[in-house]
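Novice: I am attaching a structure below and will ask some questions about it afterwards.
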Amino acid sequence: MCGFGAIVDLERDRSHVSAADLVILGRLIAHRGPDGEGLWVASHRRAGLVHRRLSIIDLTDHAAQPMHSGNGVSIAYNGETYNYLELREAIGGNWEFTSNSDTEAVLASYEMFGTDCVSHMRGMFAFAIWDEKAQKLFCARDRFGIKPFYYTVVDGVFYCASEAKALLPFLPDIETDKAAFAEYLTFQYTIGEQTLFKGIKQLMPGHALSVQNGEVKVWRYWDVHYDIDFDHSPAYFESRLTELLDDSVRVHLRSDVPVGAYVSGGIDSSLMGLLAARHDEVNRLSFNGRFTEFPGYDESNYAQIVADRMNGDLHIADITAADFRDNIRNVIYHLDFPVAGPGSFPQYMVSKLAAEHVKVVLGGQGGDEIFGGYARYLLAYFEQCIKAAMDGNYRNGNYVVTIESIVPNLGLLREYKPMMQQFWKEGLFGPLDERYFRLVDRSTDMTDEVDWSELDQDAVFASFQSIFNSARNVGKEAYFDSMTHFDFKCLLPALLHVEDRMSMAHGLESRVPLLDHGLVEFAATVPADVKFEGGHMKHMLKTAYADVIPQEVLTRRDKMGFPVPLKEWFAGELNGMMVDIFTNLKDSHRPYINADTVLNSFDKAARFSRKTWGLLSLELWHQEFHDKAADFRAMRTEPASIEAEKVGA
């Protein structure tokens, strides 16, 4: 787990790669790797790599990066390839290993398999490999986007790095990308390769990239397909699930440093901690965050039940309004751009606590998207069931949950009545893509705060449709799979963005065992009425692990994600801070935002909503990056030094 960067001159007759520029890249991602640093520039100065190391596997200098082969291949790598031991065995005598690191296993795999090495890798990763013989840079990002990768091309030079902020000194200007901005306002995350920084792209999950002969090429090497298996019973699927997940947790525990677990009190994180405790007699520390100033924001009692079942110690971060005031700018800085909801703030605080005790933690990201854990799935599916029953065709669809099976479970929707009223106030039974878009669209209450005339909302919906309606991935009428597929492709990378940045801000590695590609590929074959039987969210996961997860956690119906008392804070202790921030927004004339409306509406109500959070995050993002554009540009004019510059292959 680390941070890296690379620079390649696209013009072969130039030698524009400097150690000083690589130092700048490394400086801006230094928090990702507090245990070591390395830099390499090719002798012809057309390519260079930089690395910041967080030592997890093989703590010796033999695993230092950039790492080089004897054949002119060099790598800078971030992540964990959990099957590195199996890769070493498969490579055998074709490579003389000098370290026990997974990095060297990846380097050897490239030498043996070329760019197809990614198909042999199991884990989370992003890397850059310079191949001197081919005069090519080869890069890849893991299948789910657990590890980040950003790139840009400026004046014929290719730059890439683990975080977007590292690329800002090389841009001529720091500007907002209009298309990405419209996506953010709609979903509170972006869904394509464009980022909120104009000119900076992300390499999408499951994609690879090459830089050769002056060209940058990007391609997909992996995708998930919902090819449904109708031939097996629910008991088979549950048994297979436990086999795959048990094996995933086993390899995710491979580490030469202590491993702990985030335990929120929900099903997914609890299960990761409990399964890890089965495999490991030593590393049983767990971590939780809570807010005790107001009722309804403390779920630590459920986390304690899990920690007791793990026979381990629970460490709890008591988070206050003062913590928010003191740390929210750090949160936005480390995120690079606003993404997802307010859970990033408590995640930052819990990661800070965890980093005081361990260097690796397990988390439960992915369970909601893979197994159907969001309430909106039930709401949308209920509407589809009503329509199918009225039309008399629900048995003709592709494994649609029947109205008979879902009716006994309508009590599950009791707490979602406000959502139902909002969802149905404009009608029922429209096209499925339009219906789900309305469930995930967070821009509907920002008609006055945003100048939509400057933004293309139709393009956002078209991008949404291309993913939601993808026949390549999801079969006809498979509404449940279409919903989970969109969230898997778009929402999950945003949540993983938060998971990575908030942990790495403290030099902490976060691992997500539910996102093992064999497990995900299997889950995509399970019929919806097995995963979501009778409208029960995460039915298969709960049933398969009913003897592992404590009943208090398994049957709870009040799980809220990571609730934060922003409504109470913004109306009370933090009201002055909020007014100051939104006053600055008004005075600074931000693009596409009607600042007077934002300030007036907040000052009158001082009430929290996702809208308020989204606009707050945007303003702090502008302050941290756009308002400091000159500081980033100045980095290239400052003297840059490194203790030991390594030049030449």
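Novice: Please give, to one decimal in nm, the separation of the simple spin-label points placed at Glu193 and Glu96, each 7 Å out from Cα toward the Cβ.
Specialist: 4.1 nm
Novice: With each pseudo-label sitting 7 Å past Cα toward Cβ, what's the Ser470-Phe429 distance in nm, one decimal?
Specialist: The modelled label-to-label distance comes out at 3.2 nm.
Novice: Using the structure shown, list the pairs from Lys178/Lys217; Lys359/Lys531; Lys489/Lys611; Lys387/Lys611; Lys489/Lys531; Lys217/Lys538 with a Cα-Cα distance above 28 Å, or answer none. Kindly include the intermediate steps, with their values, before the conclusion.
Specialist: Numbers: Lys178/Lys217 24 Å; Lys359/Lys531 34 Å; Lys489/Lys611 23 Å; Lys387/Lys611 32 Å; Lys489/Lys531 19 Å; Lys217/Lys538 39 Å.
Checking Cα-Cα distances, Lys359/Lys531; Lys387/Lys611; Lys217/Lys538 exceed 28 Å.
Novice: Based on alpha-carbon positions alone, could you give the equivalent ellipsoid semi-axes of the range 2-222 from the gyration tensor, as √(5λ), descending, whole Å?
Specialist: Taking √(5λ) for each Cα gyration eigenvalue gives 27, 20, 17 Å.
Novice: Given a cut-off of under 8 Å on Cα pairs at least six residues apart, what relative contact order in percent is computed for the chain?
Specialist: 18 percent
Novice: Now a separate question. How big is D for the range 126-166, in µm² s⁻¹ as a whole number, if Stokes-Einstein is applied with the Kirkwood radius of its Cα pairs at 20 °C and 1.002 mPa s?
Specialist: Using the Kirkwood radius from Cα pairs, D works out to 189 µm²/s.
Novice: Oh, and also: For a footprinting-style exposure proxy, rank His62, His589 by other Cβ within 10 Å, fewest first.
Specialist: His589, His62
Novice: Quick one: pull the percentage of alpha-carbon pairs in the range 422-553 with a separation above 27 Å. Each step should come with its number before you reach the end.
Specialist: Working: 3255 of 8646 pairs.
It works out to 38 percent of all Cα pairs.
Novice: Taking the Cα centre of the range 536-599 as the origin, how large is its charge dipole in debye, to the nearest 20, when only Lys and Arg (+1) and Asp and Glu (-1) carry charge on their Cβ atoms?
Specialist: 380 debye
Novice: Can you give me the three principal axis dimensions of the chain from its C-alpha atoms, in Å, biggest first?
Specialist: 71, 61, 47
Novice: Still on this structure, please answer the following. On average, how much area does the Cα convex hull of the range 142-248 cover when viewed from any direction, in nm²?
Specialist: The orientation-averaged projected area of the Cα hull of the range 142-248 comes to 10.1 nm².
Novice: Between Phe461 and Glu521, what is 0.36 nm times their sequence separation minus the Cα-Cα distance? Round to one decimal in nm. Intermediate values should be presented prior to the final figure.
Specialist: Values: separation 60, 0.36 × 60 = 21.60 nm, distance 2.74 nm.
Here the answer is 18.9 nm.
Novice: Evaluate E = 1/(1 + (r/R0)^6) for Arg278 and Gln304, where r is the Cβ-Cβ distance and R0 equals 22 Å; express this FRET efficiency to the nearest 0.05.
Specialist: In this case the efficiency is close to 0.70.
Novice: With point charges of +1 on the Cβ of Lys and Arg and -1 on the Cβ of Asp and Glu, referenced to the Cα centre of the chain, which listed residue (Met502, Gln421, Asn78) lies farthest in the positive direction of the dipole?
Specialist: Result: Gln421, furthest along the dipole toward the positive end.
Novice: So how long is each side of the range 166-223 along the principal axes, counting just the alpha-carbon atoms, biggest first, in Å?
Specialist: Its Cα atoms span 34, 32, 17 Å along the three principal axes.
Novice: Could you work out how much longer the chain between Ser119 and Arg325 gets when fully extended? Use 0.36 nm per residue separation minus the Cα distance between them, nm to one decimal. Display every interim value, and only then the final one.
Specialist: Details: separation 206, 0.36 × 206 = 74.16 nm, distance 4.46 nm.
The span from Ser119 to Arg325 would gain 69.7 nm if fully extended.
Novice: Report the calculated FRET efficiency for Asp547 and Arg376 (r = Cβ-Cβ distance, R0 = 30 Å), to the nearest 0.05.
Specialist: Efficiency for this residue pair is about 0.50.
Novice: Multiply the residue separation of Asp445 and Ala30 by 0.36 nm, subtract the distance between their alpha-carbon atoms, and state the gained length in nm to one decimal.
Specialist: Difference between extended and current length: 145.5 nm.
Novice: About its Cα centre, how strong a charge dipole does the chain have in debye, to the nearest 20, once Lys and Arg get +1 and Asp and Glu get -1 at the Cβ? All intermediate terms of the calculation are to be shown ahead of the outcome.
Specialist: Numbers: 63 positive and 92 negative charges, 67 e Å.
Using Cβ point charges on Lys, Arg, Asp and Glu, the chain gives about 320 debye.
Novice: For the range 215-322, build the convex hull from the C-alpha positions and give me its volume per residue in Å³. Spell out each step's value before the answer.
Specialist: Working: hull volume 24.9 nm³, N = 108.
Hull volume over Cα atoms, normalised by residue count, gives 231 Å³.
Novice: Mind listing the phi-derived Karplus ³J(HN,Hα) values for the range 298-309, rounded to whole Hz, using 6.51, -1.76 and 1.60 with θ = phi - 60°, and x for any glycine or proline?
Specialist: For the range 298-309, the Karplus curve yields 10, 10, 5, 5, 5, 4, 5, 4, 5, 4, 5, 5 Hz.
Novice: Got the relative contact order for the range 2-222 handy, in percent, Cα pairs under 8 Å and 6 or more residues apart?
Specialist: Details: 494 pairs, mean separation 44.2, N = 221.
Answer for the range 2-222 is 20 percent.
Novice: Now a separate question. Amide H of Met124 versus every other amide H placed in the peptide plane: which residues, excluding those fewer than 5 positions away on the same chain, fall under 5 Å?
Specialist: Answer set, sorted by chain and number: Glu80, Tyr82.
Novice: For the residue pair His225 and Asp173, what label-to-label distance in nm results when each label sits 7 Å from Cα along the Cα-to-beta-carbon direction?
Specialist: For the pair His225/Asp173, the computed spacing is 4.5 nm.
Novice: If you don't mind, there's one more thing I want to ask. Which of Tyr151, Ile305, His517 sits farthest toward the positive end of the charge dipole of the chain, with +1 on the Cβ of Lys and Arg and -1 on the Cβ of Asp and Glu?
Specialist: Highest projection toward the positive end goes to Tyr151.
Novice: Oh, and also: If you plug each phi of the range 82-87 into the Karplus form 6.51 cos²θ - 1.76 cosθ + 1.60 with θ = phi - 60°, what whole-Hz ³J(HN,Hα) values come out, in order, with x for Gly and Pro?
Specialist: 5, 8, 5, 5, 5, 5
Novice: Over the range 566-631, what number does the Rg to Rh ratio reach, with both radii from the alpha-carbon atoms and Rh per Kirkwood?
Specialist: 0.97
Novice: Let's see if you can work this out: charge +1 on each Lys and Arg Cβ, -1 on each Asp and Glu Cβ, no other charges. What is the dipole magnitude of the range 231-362 about its Cα centre, in debye to the nearest 20?
Specialist: For this selection, approximately 240 debye.
Novice: Sequence gap at least 6, Cα distance under 8 Å: using those rules, report the relative contact order of the range 1-64 to the nearest whole percent.
Specialist: 42 percent
Bear in mind these aren't lab numbers, they're just calculated from the coordinates by the rules spelled out. Bear in mind that the values here come from a model prediction, so they are computed numbers and not experimental data. Every residue, glycine among them, receives a Cβ derived from its backbone with ideal geometry; neighbour counts consider all protein chains shown.
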